[in-house]
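What follows is a single structure, written as structure tokens, with notes after it.
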Amino acid sequence: MPNDLRSRLKRIRESSATAGQARPMNPGGKARCEDGAPARSEWLERHGWARLGDQVWERRVECPGIHAGATMDAGYLSARGRGSLVAPEDIVFFDLETTGLSGGTGTIAFLSAFGSFGRHGYSVRQIFLEDYPGEPLFLEASGDELSRFKAVASYNGASFDLPLYKARRTMNGLPPVAPALSLDLLHAARRLWRGVLPDCSLSSVERGVLGVRRTDDLPGSEVPDAWFRFLATGPHPELALAMDHNQADVAGLASLYGLLSAGLAAGRLRKADPRGLASLIARVDLGRAARVLERSLRTGDAGAVPELMRLYWKLGRRDERLALIPLLPDDARGLYLKSIHAERVLGDAQSATRFAESAAKLAGSSEKACDAVLARRADRRLRRLEQLLAPDA
Amino acid sequence: MSAVTDFLDDFLADPEFGPSVGHVERLPPRDAVWADLPADLPDGIRRALAARGVERLYSHQAQSLALARAGRDFVVVTPTASGKTLCYNLPVAETLVQDPDARALYLFPTKALSQDQQAELNALVTSGNLPIKAATYDGDTPQSVRASARDTGRIVITNPDMLHSGVLPNHAKWISFFAGLRYVVVDEMHAYRGVFGSHVANVLRRLLRVAAFYGSSPRLIFCSATIGNPAELAGLLAGRPVEAVTENGAPSSEKAVLFYNPPLLDPVQGIRKSSALQSRSIAARLLERGVRTILFARSRVRVELIASYLNEHFRNLYTENSGVRVEPYRSGLLPTERREIERGLREGTVHGVVSTNALELGIDIGGLDAAVIAGWPGGLASFWQQAGRAGRRRDLSVAVYVATGSPLDQYLINHPERVFGKGAENARIDPYNPYIYLDHLKCAAFELPFRDGEKFGDDPSEGLSMLEDEGIVRHTGGRWFWASQGYPAEKLSLRSATSDNIVIVDATEGRNAVIGEMDRPSAKELIFDDAVYIHRGRQYIVLKLDLENRICTVEERDVNYYTDAVVKTDLKVLCEDQRFGPDSAPAVLGDILVRSQAEKFKKLRFHSHENVGYGEIYLPPEEMQTRALAILFPEGSRAADVLDSASNDMRKAALLSGLLQLMKSLAPVQLLCDAADLGGAWRLRDDHYGVPALYLWDRYPGGTGLAEALGPMLGSLARAASERASTCDCEDGCPSCLGVYDGNPDFARGRKKTALSALKILADAWRA
Ligand SMILES: [Zn+2]
């Protein structure tokens, strides 16, 4: 049977061709213009690219308008980095363009961007893969950039770009690169602007917070096909847009970093959710995080109270913590704490009973596991208080 | 005296049932054949075995260990409950204990089986305090546990579907696993036949290809129920020769197997008492005596009807039996519903189950004493697995096979030697089905680029250039690279013809609950608008079959009929590849295009099957290319002369349709396939060949090897057909032989005699 596989396949191929069922062409297939290589080189050179090696190109673009930001504790952005100071010059801002977003070993990277602050300001170096066989060189050149710096800043790079880069090295038989400190700005952005911005994509953050609007940008979802089309039919304007998109991503990343480094140090950040901001600052400086929440509380944000109480607890500021209890929201936990407070601080057993009763009722009607524990504790407290108040006690 | 012995004595003496028992086979208990534990077995493993009461091995277990130690691929053929898991657990555990980097992969066809195996492994590992972590990795494994399963699981237990869509496309996350992979265990191998098996063969090629990339070349261990060609099937799955261990050293308990042919009601028309009703009565007798019983029915509709009848029966018996509970158990139930029933059986709150062959795959339900098999389950392996459901204890157990009126059943019920003799059927797959092969070629290209000259089973270059034409791979620098955004494994299901299954949604009173699913071609013939759909004993009317959105909305409603689609079929011959038989009675193997369309449906009353109305079906036709065998009657040949003795075209049509029906229904005996796997049509004057013709084709696009296999078997098929027709008591054909002719009965008159002479000529011509 194996012998006639070829003819069976041929027949299916022919009959689907005659039936007009041929599927719409995916642009990634055959190199239809074999004589296209000179045209490709010329086009790439015209767009600022220089040959780095066989099928791999590079270009460097200066970005004069971007300010370096401040040295900061890496702990704000990475649990592993706590205590190590990074200066802007220590960081490479990194982004990959890939052939798909679903992951898996069939997805490769064909374009990388590395932004860094040097003596002449911010500049971006890009590396471009002209065709598949150049991948090992592309990966090595990219790896050289990554390993030159103390930290790698990215947007979702911790879960997408960096693992993909690592997997591609494995697939090409290259040794892993030494792991730099990874600063994923998406994680910070989510804490700061989730619920404030329509979504936390880099371009939304740029538009909503940095006030930068990209012109002529290619949506990320169209980037893979831009490269496939280039492979199949040669250069076209969308590929140039994809290259600019990649460059704009690391430029935006550097601007965002500048904003964060200043804002986290100052405890003030444009449009940021104060609780999210405090949670980032608390990784490095509990006192400063508490000040952010105190300020927010003064503007009437009662939702800041539980988090602020937690910070006071960690800081050992017991009295300030107790003073906040009456301000707690009337949820199960809040009521439970108010009951303790009423009994122990105010000596008001009646209010304590009332609070415990409401807490038990609220927690008892909830389905969350932590509330079940709370319900039992509130019940015990209630029974003890009732005994205390019983006439014959 | 056990309840089973009592039952047997009374049943055989019962004037209502006894006379219909055509054959009683007593399978004596069998003693074990032992072998000593090898002296050099690692201490930890020896301790683990001792803790589980194993001081020596059955001969087949010892043989397996020896083969594994010699680095061979092998397949172990064992009946149920014969200690087969030790055949692979022992060599795997030994290797894993000796080499801390070694890993193993276990494949089971279902998640339920994986869970059983995980429990069994844990018991072994704990009792020997072995440094072996076994981890289940399937669709139910929480995301949080997956990374540790990948990184620290020494034995990873999964199913082919998960391997195909989750593991292989992400192999870069499994580097240390693949680099250390020493064994791949494929249990329940007999489940991998037909379409599913053809897919799994390709998945295994992908697995070995990825393992090779990381420098490992694992050995393969297969386990299978009894089939005729274990080494061949394992070899086709593995893509390389595999040795077979067929001598089984395990003991077995005594079993009685009864062949029961329901009595004739109308000898002229060949109508017998319904096998479903008779099975139901037999099951009721068993349950009444407290014998825990499983009843296997052929269709899910029957399962539902029988279970609800039995429950009704026991509810109305105001005796201690009124507490007897019987549950339907079939494919299409939701996993939670299944688990509930399995638990009930284990805990004794469920006394009987009615099942389709969903249980065939060895889910351990334990403690059953009797199996009633309503209708031939499609193969010897299935038959013995179903019969083996009963009798896991030392006592006598019983299995009752109740024949239906189909030609296949009527043939087998009179030939017990075909069941108890040596001749198990062969399981077939076609890893080179061009559609299946191409789909896996895509997945393989996604996983790793192909090098020029690299093999994928066969030479993949033609397939790769097809993919290049489609623009999803790119050939450059001596390699073929995946060049598409897609993730091909995601779109490919290993289980059905098309991955776009239709979801069935119950919309009664705004319920909006998913109650099942069905593949698209079947949906077009079964759940069209206004069709009656039966699920867990409830009747539903199809409100809307929405093919585009793959949703079928149904509503619960009480009706007294079921529906049956009338399907019209057009054929086109695409090529003639191979001829069988002499020129006087040729059969031609080749590709055909089948276009089928359900145009209307009949409403048939339950029980009486009386036609109570028609309806229209408005659905697009279903088209496919597949492999077919055309049996021709060339002009001037003796077979054609017999045909011409029928005086007019209507008579010829009655004859041809009868021959087709008989051969199509007997072919599954030889092919080990399901009756539904074969399609058939007859032509009075074929468009392509210009002579009368009978077609039999594989109902899976591209074929799974059935048509090819049938060619050399035509002689024995014709002999079996001729024997079936001649021993049938009817006059001009009945459902048990030539089928019922649904035109003017005058034209069918005398056709059986003509059919017999035609079959005799064919049998002589095709004598090997
Ligand atoms: Zn008959």
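What follows is calculated from the coordinates using simple rules that are stated; it is not laboratory data. What you see is a predicted model, and the numbers here were worked out from it, not measured in a lab. Don't worry about glycine lacking a Cβ; one is built from the backbone with ideal geometry, like all the others, and counts go over all protein chains shown.
For the stretch A:2-266, what ratio Rg/Rh do Cα atoms give with a Kirkwood hydrodynamic radius?
Values: Rg = 20.8 Å, Rh = 20.0 Å.
Taking Rg over the Kirkwood Rh, I get 1.04.
Under 5 Å from the amide H of residue B:243 lie the amide H atoms of B:73, B:74, B:75, each residue being 5 or more positions distant or on a separate chain, with H modelled from the backbone and absent for Pro and chain starts. Placing unit charges on the Cβ atoms of the charged side chains and taking the dipole of the stretch A:82-140 about its Cα centre, the candidate lying farthest along the positive direction among A:106, A:121, A:138 is A:121.
The distance between label points at residue A:291 and residue A:344 comes to 3.0 nm (points 7 Å beyond Cα on the Cα→Cβ vector). The simple Förster model, with R0 at 25 Å and r as the Cβ-Cβ distance, assigns residue A:320 and residue A:299 a FRET efficiency of 0.85. Here the 3J(HN,Hα) profile of the stretch B:274-283, calculated from phi with Karplus coefficients 6.51, -1.76 and 1.60 at θ = phi - 60°, is 5, 5, 5, 5, 5, 4, 4, 5, 5, 4 Hz, Gly and Pro shown as x. In chain B, taking the dipole from charged Cβ atoms about the Cα centre, the farthest positive-side position among B:466, B:396, B:507 is held by B:396. Set Lys and Arg Cβ to +1 and Asp and Glu Cβ to -1, take the dipole of chain B about its Cα centre, and tell me which of B:352, B:381, B:71 lies farthest positive. With unit charges placed on the Cβ atoms, the residue in question is B:71. Only helices enter the 222 nm calculation for the protein assembly as shown: every DSSP H run of n ≥ 4 contributes -39,500 (n - 2.57), and dividing by all residues gives -12500 deg cm²/dmol, rounded to 500.
Using Cβ point charges alone (K and R +1, D and E -1), the dipole size of chain B about the Cα centre works out to roughly 1000 debye.
What number does the stretch A:258-326 give for Rg over Rh if you use C-alpha atoms and the Kirkwood radius? Don't skip to the answer; put the middle values down first.
Working: Rg = 11.7 Å, Rh = 12.0 Å.
Using Cα coordinates only, the ratio equals 0.97.
Between residue A:172 and residue A:45, what FRET efficiency comes out of the Förster formula 1/(1 + (r/R0)^6) with R0 = 25 Å and r the beta carbon distance, rounded to 0.05? Walk me through the numbers on the way to the answer.
On the way: r = 27 Å, r/R0 = 1.07.
Approximately 0.40, to the nearest 0.05.
Within straight-line reach of residue B:84, meaning a Cα separation under 22 Å, sit the following lysines at least 8 residues removed in sequence or on another chain: B:111, B:133, B:255, B:422. According to the Kirkwood relation over distinct C-alpha pairs, the hydrodynamic radius of the stretch B:495-641 is 17.8 Å. So what's the gap between the Cα centers of the stretch B:672-695 and the stretch B:585-628, to the nearest angstrom? If we compute the Cα centre of each part, the gap is 13 Å.
Across the stretch B:127-144, rounded Karplus estimates of 3J(HN,Hα) from the backbone phi angles (6.51 cos²θ - 1.76 cosθ + 1.60, θ = phi - 60°) give 5, x, 6, 8, x, 10, 9, 9, 10, 8, 10, 9, x, 8, 6, x, 3, 5 Hz, Gly and Pro being marked x. Each listed q (0.15, 0.16, 0.17 Å⁻¹) maps to a log10 I(q)/I(0) for the stretch B:34-245, found by the Debye formula over equal Cα scatterers with no solvent: -0.93, -1.07, -1.23.
Restriction of the GluC sites (Glu not before Pro) in the stretch B:553-637 to DSSP coil positions whose beta-carbon has at most 11 other beta-carbons within 10 angstrom yields B:610, B:635.
Potential lengthening of the chain between residue B:600 and residue B:543 amounts to 18.9 nm, from the contour at 0.36 nm per residue minus the alpha-carbon distance. Across all directions, the average flat footprint of the convex hull enclosing the Cα atoms of the protein assembly as shown is 56.8 nm².
Averaging over all projection directions, find the projected area of the Cα convex hull of chain B and quote it in nm² with one decimal place.
34.4
Multiplying each eigenvalue of the alpha-carbon gyration tensor of the stretch B:602-738 by 5 and taking the square root yields semi-axes of 24, 22, 18 Å, largest first, rounded to whole angstroms. Placing +1 on each Lys and Arg Cβ and -1 on each Asp and Glu Cβ, with no other charges, gives the stretch B:206-353 a dipole about its Cα centre of roughly 300 debye. Residues within the reach of a label modelled at residue B:240 (point 7 angstrom out along Cα to beta-carbon, backbone nitrogen below 17 Å), restricted to the stretch B:181-195, are B:181-186. Per the Debye formula with a single identical scatterer at each Cα and no solvent contribution, what log10 I(q)/I(0) holds for the stretch B:501-559 at q = 0.19, 0.25, 0.29 Å⁻¹? Taking Cα atoms of the stretch B:501-559 as identical point scatterers yields -0.56, -0.99, -1.32. Once the C-beta distance of residue A:268 and residue A:368 is scaled by a Förster radius of 56 Å, the resulting FRET efficiency is 0.95 to the nearest 0.05. Along the stretch B:187-194 the Karplus relation, 6.51 cos²θ - 1.76 cosθ + 1.60 evaluated at θ = phi - 60°, assigns HN-Hα couplings of 8, 6, 4, 4, 6, 8, 10, x Hz to successive residues, with x for each Gly and Pro. Amide hydrogen proximity for residue B:223: with H placed 1.01 Å from N in the peptide plane, the residues at 5 or more positions away or on another chain lying under 5 Å are B:76, B:186, B:187, B:188, B:189.
Given the pairs B:600/B:760; A:10/A:166; B:491/B:524; B:600/B:652; B:524/B:664, which are separated by over 32 angstrom at their Cα positions? In this structure, B:600/B:760; A:10/A:166 exceed 32 Å between Cα atoms. The alpha carbons of the stretch B:434-491 give a radius of gyration and a Dmax of 10.1, 29 Å, in that order.
Size descriptor for the stretch A:274-389, Kirkwood hydrodynamic radius: 14.9 Å (Cα pairs only, one decimal).
Quick check: net charge around residue B:235, other residues with Cβ under 10 Å of its Cβ, Lys/Arg +1 and Asp/Glu -1? Don't skip to the answer; put the middle values down first.
Details: positive: B:240; negative: B:73, B:232, B:243.
Spelling it out: positives minus negatives among the neighbours equals -2.
Taking 7 Å steps out from each Cα toward its Cβ at residue B:9 and residue B:420 produces label points 2.2 nm apart.
Take A:286, B:629 and order them by how many other Cβ atoms sit within 10 Å, fewest up front.
Neighbour counts put them in this order, fewest first: A:286, B:629.
Among the lysines, which fall within straight-line cross-link reach of residue A:338, defined as a Cα-Cα distance under 24 Å, with same-chain neighbours fewer than 8 residues apart omitted? Straight-line reach from residue A:338, under 24 Å: A:314, A:361, A:368. For the pair the stretch A:334-357 / the stretch B:278-296, the C-alpha centres are spaced 66 Å from each other.
What length, rounded to one decimal in nm, is gained on full extension from residue B:584 through to residue B:514, with 0.36 nm per residue of separation minus their alpha-carbon distance?
Values: separation 70, 0.36 × 70 = 25.20 nm, distance 5.52 nm.
Residue separation times 0.36 nm, minus the Cα-Cα distance, leaves 19.7 nm.
Treat every Asp and Glu Cβ in the protein assembly as shown as -1 and every Lys and Arg Cβ as +1, leave all other atoms uncharged, and give the resulting dipole magnitude about the Cα centre to the nearest 20 debye. Mind showing how you got there, number by number?
Details: 141 positive and 145 negative charges, 599 e Å.
Computed charge dipole of the protein assembly as shown: roughly 2880 debye.
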